[in-house]
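Everything on this sheet refers to the single structure shown next.
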Amino acid sequence: MRIVRKYPNANWKRLWINLHTAWILDAQKSTWYTVIHDLTPTKDRLPAINLSEMNQCSTCGEDDTIQHHLTQCGASKLIWNWTSERIAAITSTNPLDVPEEWALHPDFHIRPPQRHKAIMWILAHLVDYHIQGQRRISLLDYIDFMRWACWKADSRPTRCTAVGSYLTVL
């Protein structure tokens, strides 16, 4: 597979287990699947399939990869910092120890399972926020989006068994 050759260091078996067992909607799994497989049209991908000649980000001039789009450019960096702080609070670590690559390659394993699923839920919503819809990318809009999604998740009957109280950090 092309994506396995492109990211040989990713633990693909763990990644697929994480994606398929994540406590997220099927539409979010589908969106995350396209991100993981590098199928999202970025200026880095479009020249590879002869649809564009330029691969630089129109905002900052860096290579426009999906990683750059999700965690490194403009408001996305603020959004990632806010997200990594929440994940760090769940894992009791430093936000700098939360790898940006987790948004693209969720091949980690954290105990207990509820903590793991809560982190997967947060990362899936980060990807969904950036990829789906025509949203204005801003930290305040993202925080509102996450709180709304958390409120919606609280109404699901399986929340307590799936993610426990870990989402209270939002």
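The values are calculated or read from the model by the stated rules, or taken from the named source; none is laboratory data. Quick caveat: nothing in here was measured; it's all calculated off a predicted structure. Heads up, the Cβs are rebuilt from the backbone with ideal geometry, glycines too, and the neighbour counts pull from every protein chain shown.
Assorted remarks:
- Of ALA118, ALA149, ALA153, all but one fail to be within 23 Å of HIS37 (Cα to Cα), of a type in the set (Gly, Ala, Ser) and over 12 Å from the mean Cα position of the chain (by Cα); the exception is ALA118.
- Residue list for the range 106-158, restricted to those being small (Gly, Ala, Ser) and either over 30 Å from ASN9 (Cα atoms) or in a loop (DSSP other than H, G, I, E, B) (or both): GLY133, SER138, ALA149, ALA153, SER155
- The residue pairs whose first member lies in the range 98-115 and is without any contact (Cβ under 8 Å) to a residue 40 or more places away in the chain, whose second member is hydroxyl-bearing (Ser, Thr, Tyr), and whose beta carbons are closer than 7 Å, counting only pairs six or more residues apart or on different chains, are VAL98/SER84; GLU100/THR71; ILE110/THR91.
- Extreme residue, nearest to ILE87 (Cα to Cα), among residues of the range 109-148 that are of a type in the set (Ser, Thr, Tyr) and surrounded by fewer than 22 Cβ atoms within 10 Å (Cβ to Cβ): TYR129
- Pairs where the first residue, in the range 15-31, is free of Cβ contacts under 8 Å to residues at least 60 places away in the same chain and the second is assigned to a helix (DSSP H, G or I) and loosely packed, with under 12 Cβ neighbours inside 10 Å, C-beta under 8 Å, 6+ apart: none
Residues are listed down the side, and each one gets a yes or a no for (1) modelled with pLDDT of 75 or more; (2) over 20 Å from GLN132 (Cβ atoms); (3) surrounded by fewer than 17 Cβ atoms within 10 Å (Cβ to Cβ):
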site: LEU25; (1), (2), (3): yes, no, yes
site: GLN28; (1), (2), (3): yes, no, no
site: THR31; (1), (2), (3): yes, no, no
site: VAL35; (1), (2), (3): yes, no, no
site: THR42; (1), (2), (3): no, no, no
site: LEU51; (1), (2), (3): no, yes, yes
